[in-house]
Amino acid sequence: MTSSLILTAPPADALIDVPRHLVVRGAAPGAHVTLTARTARAGGVVWHAEATFVADADGVVDASRDAPVSGSYRGVSAMGLIWSQVPEDGKSRDVFPQPVIAPLVTTVVAQARHSAGHEADNVAVPSSVSSSVSFTQRLAADGVTRREVREDGLVGTLYLPPGDGPHPAVMILNGSGGGINEPRAALYASHGYAAFALGYFKGPGLPDYISNTPLEYFAKGMDWLRRTVKPAHDFVALSGQSRGGELVLLLGATFPDAVSAVIGYVPSALIHSAQNACDPAIGREGPTWLLEGKPLPHIWENNRTASWAPFDEGPPPHRHAKAMLTALDDPDAVERARIPVEKIRGPVMLLSAEDDGSWPSSRYSRMVTERLAARAHPYPVEHLDFDNAGHAIVFPYVPTTQLVYAHPVSGKISTGGGEPSANALADERSWSAVQAFLAQAVAERAQSQGQS
């Protein structure tokens, strides 16, 4: 008899944050079954991963139940063949489709190699059989619309959910790499939020550097968002990553009436200098943020202990966090640069990484929560800190393997830290927590408006 291998991976077409159920049936009991996944990502670069499993007594392999015996990842992980992918060119880092609304299609091939024991039982089994299946991941759900924004001096992209609304709104801000964070905006919109990804440097018509960025620009962005989408319950949350995480806390403290909730991915409790995203003419110890035309004090300013040496002179791959830690030894400078988070008038969510190579986001997040607790912040505060994870907390399910990179502005080679499996877990758990946090924040906002 011959064996018929069947590989399935439902759902065949769904949002990127939906796990797929990879199951192989029809293998011989005890057969080694290798699954190979290939995805063409940005620029047409193919990313790939593979894992070999042992079929159970029924000839079944289930990636959500079984750990591979070898391959690109260890342990049980339903989407291990996605997050453990590496680029075939060995250097690509952009994992999202271009354009963002395009689908990501992954093809998985299963190949079973049967042991010699079956032939001894007079069962005629071919040495290998194979099966393949493809599934599609999307950032934008059906009906989500995309609109480029180039008005009122703003540069960004607005994603709207299907339907007339009104929808609660989220403004999304990138970190020191600059640009416009369309992937996160598309996914927020796919979950029912009017999502405005606002660029502020390294975008069309914007400065090339983060130095001397006026906070009033972001206030204008929130005003534009309110006028344009008329959000449900006048709810406008801010979501920012890295320097964007610093920024959303700062904006919540500076414009408290305009900010309904704050989500800080690997944020800072302090105002920092321009660092690696600086204008070279100003330098990395120059100011980042301006308010009313004046630079805000930052941690590197008049700091008695701060030193770039642990970053510049440390062993490769360089860890920016080592320099940041030296600056925390000057308590006076820390206090001058501290973001007054107690002025925020809404719930706060912080997502940090214990092995953050870019800056100590775990410690920074604890500084924020301790400050809010000390000032009896009257709104919910959540902090999720992920063990062994690094700076790149995104959302599920994307590759997490490219840990060493050249900074998009300075070109300095460094690591964001973490381990691929821990980063993948942080991606998954952070995103489900953010969705729950936002849903609760919107509900409480609606209730408070109903009582007013």
### Value of [θ]222 nm, deg cm²/dmol, for the chain, DSSP H segments ≥ 4, -39500 (n - 2.57) each, nearest 500
-7000 deg cm²/dmol
### Task
Calculate, for the chain, the solvent-accessible area per residue in square angstrom, rolling a 1.4 angstrom probe over the heavy atoms of the protein chains.
40 Å²
### Summary
Quotient of Cα radius of gyration and Kirkwood radius for region 372-452, i.e. Rg/Rh, equals 1.14
### Task
List the GluC sites (Glu not before Pro) within region 250-339 that fall in a DSSP loop (any state other than H, G, I, E or B) and whose Cβ has at most 11 other Cβ atoms within 10 Å.
292, 313
### Angle between the chain longest axis and helix 420-451 axis [Cα atoms, degrees, rounded to 10]
50 degrees
### Message
Are there any trypsin sites (Lys or Arg not before Pro) in region 1-80 that are in a DSSP loop and have at most 15 other Cβ atoms within 10 Å? List them by number.
### Response
65, 74
### Query
region 204-248: percent of C-alpha pairs farther apart than 12 Å?
71 percent
### Task
Averaging over all projection directions, find the projected area of the Cα convex hull of the chain and quote it in nm² with one decimal place.
23.7 nm²
### Query
How much of residue 255 can a 1.4 Å solvent probe reach, expressed as accessible area in Å² and rounded to 10?
50 Å²
### Message
Apply the a/c threshold of 1.5 to the C-alpha gyration tensor of region 295-452 and tell me whether it is rounded, prolate or oblate.
### Response
oblate
### Task
Using only the alpha-carbon atoms of region 253-350, report the extent along each of the three principal axes, biggest first, to the nearest angstrom.
44, 29, 25
### Summary
Note: residue 257 to residue 313 extended length (0.36 nm per residue) minus current alpha-carbon separation gives 15.8 nm
### Query
How large, in percent, is the carbon and sulfur part of the accessible surface of the chain at a probe radius of 1.4 Å?
51 percent
### Query
Taking only pairs that are 8 or more places apart or on different chains, how many Lys pairs in the chain have Cα atoms under 27 angstrom apart?
13
### Summary
Taking every DSSP bridge whose two residues both lie in the chain, the antiparallel percent to the nearest 5 is 65 percent
### Query
Quick one: net charge of residue 22's neighbours, Cβ under 11 Å, K/R +1, D/E -1?
0
### Task
For every other residue with a beta carbon closer than 9 angstrom to the beta carbon of residue 422, add +1 if it is Lys or Arg and -1 if Asp or Glu, then tell me the sum.
-4
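Report the Rg/Rh value for region 7-114, based on alpha-carbon coordinates and the Kirkwood definition of Rh.
Computed over Cα atoms, the ratio is 0.99.
Using only the heavy atoms of the protein chains and a 1.4 Å probe, how would 91, 220 rank by accessible area, largest first?
Solvent-accessible surface, decreasing: 91, 220.
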### Message
Within 10 Å of each candidate Cβ there may be at most 13 other Cβ atoms; applying that plus a DSSP loop requirement, which trypsin sites (Lys or Arg not before Pro) in region 296-381 survive?
### Response
304, 375
### Message
Quick check: the angle from helix 243-254's long axis to the longest principal axis of the chain, C-alpha only, nearest 10 degrees?
### Response
40 degrees
### Query
Among 270, 386, 406, whose Cα sits farthest toward the positive end of the charge dipole of the chain (+1 at Cβ of Lys/Arg, -1 at Cβ of Asp/Glu, about the Cα centre)?
270
### Message
Using the Cα centre of region 19-161 as origin and beta-carbon charges of +1 (Lys, Arg) and -1 (Asp, Glu), tell me which of 61, 101, 77 is placed farthest towards the positive end of the dipole.
### Response
101
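The values are calculated or read from the model by the stated rules, or taken from the named source; none is laboratory data. Quick caveat, the model's predicted, so the values are computed rather than measured. Don't worry about glycine lacking a Cβ; one is built from the backbone with ideal geometry, like all the others, and counts go over all protein chains shown. Keep in mind that these areas ignore ligands, DNA and RNA; they rest on the heavy atoms of the full protein, side chains included. Shrake-Rupley method; radii C 1.70, N 1.55, O 1.52, S 1.80 Å.
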